[in-house]
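Heads up: the structure comes next, in structure tokens.
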Amino acid sequence: MKRKNLLWVFLGLVALMAVVSCKSKPAPQEGTLTVETPAPTPAPAPVVDTSPDRASLDALNSAAARAAAARQLIMDFEGPSFYPDDWQFAESLYSQAEQQKNTSTRDAVQESIVRYDRASAAFEAMNSKTFAAAYDYAERELTAVRNEAIAAGAQELIPDYFLEIDNTVLAAEDKYLAKDYYAAKDSAFKAFYMYDAMTVGLEAYNVREEITDRGFEVYDPQNFDLADDSLESGAYDYLDNDFASARSKAEDALFRYNLGLRRGWESYAAEKGADASTERQNALDEKANVAVRPEYNSAQAVFVRANSAFQASSYEEAASLYIESQVLFTEAARSAREKRLAAERALELANQKMAESDETARNAEVILEGGV
């Protein structure tokens, strides 16, 4: 009988569990049998995509390119030299942006863009004063090289070409005022190279003129001819706007002309030294070192200085001193000769007077003795 009752109880519990599973779970009551059901597994959280999109990456590339361009602009116009502190600040921001560039997430990309924008702003803040400083520097340099060209004779010797360069400078200034800074820089550099090549070419030409005026080309004809070839070729390069080549060839011509001029002075000084030595010997032959010692000693002192200058390769100075000593030796020899001739004349007169005195004495003796 008990087993039958237990079966009914079990069936009742199963039915109760079925009902409970379809309804909310009531609070357990004291004395009531409860069955724990497992908690349901929570659904996974949705995945959020944080990777950067194409627009973000393009914006980053644009910001990096802007910073690089702003940086290059300052370098192109020598901003680091003019304003080193400002440059160092901007450069540190740019280095930070480069080192911390990150494209892993959209947020990282935005942070990278901000860093590049800061660097760009720092570089761009230098623009106006960098351009002004570059203009002042170019103006000073152009004025200096222009004055060198004038000193070399550009205005007198080749006025048309000189005016052409001046007009190039004016064109550079107009471009600067129009804020076409790169074009202004190109024109300024062109004018500088034109002035510079012209100056070296004229310096070579002036040395050549000195050589020909003095007749020194005969002392080193090979270098003289080679220099002529270089100078002529450089002139054609100048007309073709190849100013670097023109300057290089003018430098070669200047070097060779200077070699010829130096050898000319050496040979000329040696010739003048030989002339001075000849006059010195003439002075000695005239006994000038005895008859007119002070004059001879003065000439000898200059001659010694000339020898020292020649030994020191100061040929132009030596030539000048040799010429001076030659004149002094000639004068000393003349003075000694005149002094000797005067002495000989005095001796001759004295002898003549002595002869006349002897004749007078003989005549007096004849008269005293009664003769005619």
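For the list (1) in contact with a Pro (Cβ under 8 Å, 6 or more places away or on another chain); (2) in the same structural domain as Phe162 (by TED's automatic domain parsing), I need the number of the one condition that Ile74 fails.
If we test Ile74 against (1) in contact with a Pro (Cβ under 8 Å, 6 or more places away or on another chain); (2) in the same structural domain as Phe162 (by TED's automatic domain parsing), just (2) comes out false.
When Phe310 is evaluated against the numbered criteria (1) farther than 30 Å from Thr212 by Cβ; (2) touching a residue at least 24 places away in the same chain (Cβ under 8 Å), which criterion, by number, is the only one it fails?
With respect to (1) farther than 30 Å from Thr212 by Cβ; (2) touching a residue at least 24 places away in the same chain (Cβ under 8 Å), Phe310 is out only on (1).
Read through the list (1) within 26 Å of the chain's Cα centre (by Cα); (2) small (Gly, Ala, Ser); (3) surrounded by fewer than 14 Cβ atoms within 10 Å (Cβ to Cβ), then give the number of the only condition that Ala191 fails.
(3)
Would you say Ala299 is at pLDDT 95 or above, touching a Lys or Arg at 6+ places or on another chain (Cβ under 9 Å), crowded, with 20+ Cβ neighbours inside 10 Å and over 30 Å from Glu344 (Cα atoms)?
For Ala299, the condition - at pLDDT 95 or above, touching a Lys or Arg at 6+ places or on another chain (Cβ under 9 Å), crowded, with 20+ Cβ neighbours inside 10 Å and over 30 Å from Glu344 (Cα atoms) - is not met.
Report, by residue number, each residue of the range 194-228 that is farther than 30 Å from Ala319 by Cα and either surrounded by fewer than 20 Cβ atoms within 10 Å (Cβ to Cβ) or not hydrophobic (A, V, I, L, M, F, W, C) (or both).
Across the range 194-228, the qualifying residues are Tyr195, Asp196.
As an exercise: evaluate Ala291 against (1) surrounded by 13 or more Cβ atoms within 10 Å (Cβ to Cβ); (2) modelled with pLDDT of 95 or more; (3) more than 30 Å from Ile211 (Cα to Cα) and give the number of the one condition it does not meet.
(2)
Search the range 123-150 for residues that are without any contact (Cβ under 8 Å) to a residue 60 or more places away in the chain and pair each with any residue that is surrounded by fewer than 17 Cβ atoms within 10 Å (Cβ to Cβ) when their beta-carbon atoms are under 7 Å apart and the residues are at least 6 apart or on different chains.
Going by the 7 Å Cβ cut-off, the qualifying pairs are Ala134/Glu78.
Mind telling me which of the residues Asp166, Asp174 ends up being outside the structural domain of Ala65 (by TED's automatic domain parsing), of a type outside the set (A, V, I, L, M), farther than 21 Å from Ala197 by Cα and in contact with a helix residue (DSSP H, G or I) (Cβ under 9 Å, 6 or more places away or on another chain)? Please lay out each step first, then the result.
Values: Asp166 fails: farther than 21 Å from Ala197 by Cα.
It is Asp174.
State all residues of the range 229-253 that are assigned to a loop (DSSP other than H, G, I, E, B) and buried (at least 16 other Cβ atoms within 10 Å of the Cβ); if no residue qualifies, say none.
Asp242
Arg54 - would you say it is basic (Lys, Arg), surrounded by fewer than 13 Cβ atoms within 10 Å (Cβ to Cβ) and more than 30 Å from Met198 (Cβ to Cβ)?
yes
Go through (1) of a type in the set (S, T, N, Q); (2) modelled with pLDDT under 95; (3) within 22 Å of Lys272 (Cβ to Cβ) one by one and return the number of the condition Gln311 breaks.
Here Gln311 meets the rest and fails (2).
Considering only the range 92-176, give the helices (runs of 4 or more DSSP H) lying wholly within it that have at least 2 residues that are more than 30 Å from Asp53 (Cα to Cα).
Details: elements: 106-124, 127-151, 154-157.
Result: 127-151, 154-157.
Inside the range 177-188, can you point out the residues that are part of a helix (DSSP H, G or I) and surrounded by fewer than 19 Cβ atoms within 10 Å (Cβ to Cβ)?
Leu177, Tyr181, Tyr182, Ala183, Asp186
Give just the number: which of (1) under 28 Å from Ala144 (Cβ atoms); (2) free of Cβ contacts under 8 Å to residues at least 12 places away in the same chain does Ala227 not satisfy?
Unmet for Ala227, out of (1) under 28 Å from Ala144 (Cβ atoms); (2) free of Cβ contacts under 8 Å to residues at least 12 places away in the same chain: (2).
The values are calculated or read from the model by the stated rules, or taken from the named source; none is laboratory data. Here the structure is a predicted model, which is why all the values come from computation and not from measurement. Here Cβ is always computed from backbone atoms with ideal geometry, including for glycine, and neighbour counts include all displayed protein chains.
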